[in-house]
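S.K.: Structure provided below as structure tokens; questions to follow.
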Amino acid sequence: MKIVGLLGSLAMMAAWSTPLAAQTPPPSSPPADDARAQAIARYIAATKAPLKHPLRDAANIDRHSIEVGKRSDGTLIEIDLSIPQPTGGKPIPVVLLLHGGLPDEATIRPKAWQVFRDWGTALAASGVAAVMFDHSLGVPRRRLDQALAETDTVLAWLAKEGPGRGLDTRHLAAFVFSAGGLFVPELLSDSRPLRTDRVVMFYPSTGVVPGSPTAAVTDATLAARMSLSAAAKRLASQRTQLLVLRGGGDALPGLLKLLDETTAELLAADVAFELINVPGAPHNFDAITDSAEVRSAIDRALAFAARR
């Protein structure tokens, strides 16, 4: 049984080399059974990992689960909306949380992961509303249009219902994690129901990583739509505020090389952006590494979202 990064990291950047059923070995293969059990145990542990920041324990917030629409298959799209209490009577800026891609076989979806619940708490405690939902981007094949349709459903609900709930939908930010970075070029499109005016990217995929399982199943047109380098001029012209948090110890093959090449392209396009390198930090450092450097990076992201 071959497993490539089976749920070994919180953002599920790695893909299973074959579907779950095909990976299940015959009963006569106890070592493979053990490896599968260990991989599943690591995945379950990752879903329980907390945000490495003290604001995860803040109490002055409200969280509501709200059905906002349906997917193309008829299943419900449900958001978790975390808001500060009290609100102070002023419209509250909003952050949309976009997780990375993960296999369909992963039954615990990101909205239920502790780290994303903690991000909602930390943002609300910082005076910002947070919206979390599960999308269908997937891995290794990226279902970008399906995931964008789900995102648009959430954004359309925010545009319609947000002001009545005290949300300032004119000030919308996106926090994207890992392969959630592939959304960013399309988030800048005028076709979205709401405009995103600032973006925070955590250990991001800034495009399709050459040689990755995704590269093998992605055509050039789709790859270009998911490339931050290809969107650099649009970022510059729209004056989108961008903060990139780089894990200096990220071991995902090719990710840092692509990120650093993208950084050079952003500079060449004269994009106004901020880059923070967290020395030695791995992928998913916000849920893995308890250090002053990680807390400082999270502090900067929270302040950026609160427009301080």
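S.K.: Take the residues in the range 135-175 that are more than 13 Å from the chain's Cα centre (by Cα) and among the hydroxyl-bearing types (Ser, Thr, Tyr); name whichever of them is farthest from VAL200 (Cα to Cα).
M.R.: THR153
S.K.: Do you know which residues across the range 119-136 are touching a helix residue (DSSP H, G or I) at 6+ places or on another chain (Cβ under 8 Å), of a type outside the set (Ser, Thr, Tyr) and surrounded by fewer than 23 Cβ atoms within 10 Å (Cβ to Cβ)?
M.R.: Scanning the range 119-136 gives ALA125, ASP134.
S.K.: Now for a different question. Please give the number of the condition ASP190 fails out of (1) over 30 Å from LYS160 (Cα atoms); (2) among the charged types (D, E, K, R); (3) open to solvent by 50 Å² or more (accessible area, probe 1.4 Å).
M.R.: Exception for ASP190: condition (1).
S.K.: What pairs come out if I take residues in the range 210-221 that are more than 13 Å from PRO140 (Cβ to Cβ) and pair them with residues that are surrounded by 14 or more Cβ atoms within 10 Å (Cβ to Cβ) whose C-beta lies under 8 Å away, six or more apart or interchain?
M.R.: So the pair list comes out as PRO210/GLY254; PRO210/LEU258.
S.K.: Tell me which residues, restricted to the range 114-134, are over 12 Å from the mean Cα position of the chain (by Cα) and not aliphatic (A, V, I, L, M).
M.R.: GLN114, ARG117, ASP118, GLY120, THR121, SER126, GLY127
S.K.: Here's a check for you: in the range 70-87, which residue that is closer than 15 Å to ALA147 by Cβ and hydroxyl-bearing (Ser, Thr, Tyr) is least open to solvent (accessible area, probe 1.4 Å)?
M.R.: Among residues in the range 70-87 that are closer than 15 Å to ALA147 by Cβ and hydroxyl-bearing (Ser, Thr, Tyr), the one least open to solvent (accessible area, probe 1.4 Å) is THR75.
S.K.: OK, next. Tell me which of these ALA287 doesn't satisfy, since it passes every other one: (1) surrounded by fewer than 21 Cβ atoms within 10 Å (Cβ to Cβ); (2) in contact with a Pro (Cβ under 8 Å, 6 or more places away or on another chain).
M.R.: Status for ALA287: all satisfied but (1).
S.K.: Working only within the range 100-121, note down all residues that are under 15 Å from PRO50 (Cα atoms) and either without any contact (Cβ under 8 Å) to a residue 24 or more places away in the chain or not β-branched (Val, Ile, Thr) (or both).
M.R.: Within the range 100-121, PRO110, LYS111, ALA112, TRP113, GLN114, PHE116, ARG117, ASP118, TRP119, GLY120 qualify.
S.K.: Name the one entry in LEU10, LEU76, LEU81 that is at pLDDT 70 or above and within 30 Å of ARG308 (Cα to Cα).
M.R.: Step by step, each of LEU10, LEU76, LEU81 is checked, and only LEU81 is at pLDDT 70 or above and within 30 Å of ARG308 (Cα to Cα).
S.K.: Hey, could you check the range 218-246 for residues that are of a type in the set (D, E, K, R) and within 19 Å of the chain's Cα centre (by Cα) and say which is surrounded by the fewest Cβ atoms within 10 Å (Cβ to Cβ)?
M.R.: Selected residue: ARG225.
S.K.: Continuing with this model, one more query. Could you check the range 40-69 and list, in sequence order, the residues that are of a type in the set (A, V, I, L, M, F, W, C) and open to solvent by 50 Å² or more (accessible area, probe 1.4 Å)?
M.R.: Hits for the range 40-69 are ILE40, ALA41, ILE44, ALA45, LEU55, ALA59.
S.K.: Among the residues in the range 194-217, are any open to solvent by 40 Å² or more (accessible area, probe 1.4 Å), part of a helix (DSSP H, G or I) and in contact with a Lys or Arg (Cβ under 7 Å, 6 or more places away or on another chain)?
M.R.: Yes: one or more hits.
The values are calculated or read from the model by the stated rules, or taken from the named source; none is laboratory data. Since the model is a prediction, treat every value here as computed from it, not as a measurement. With ideal geometry, Cβ positions are generated from the backbone for all residues, glycine too; neighbour counts draw on all protein chains shown. Protein only, heavy atoms only, side chains kept; ligands, DNA and RNA dropped before computing areas. Shrake-Rupley method; radii C 1.70, N 1.55, O 1.52, S 1.80 Å.
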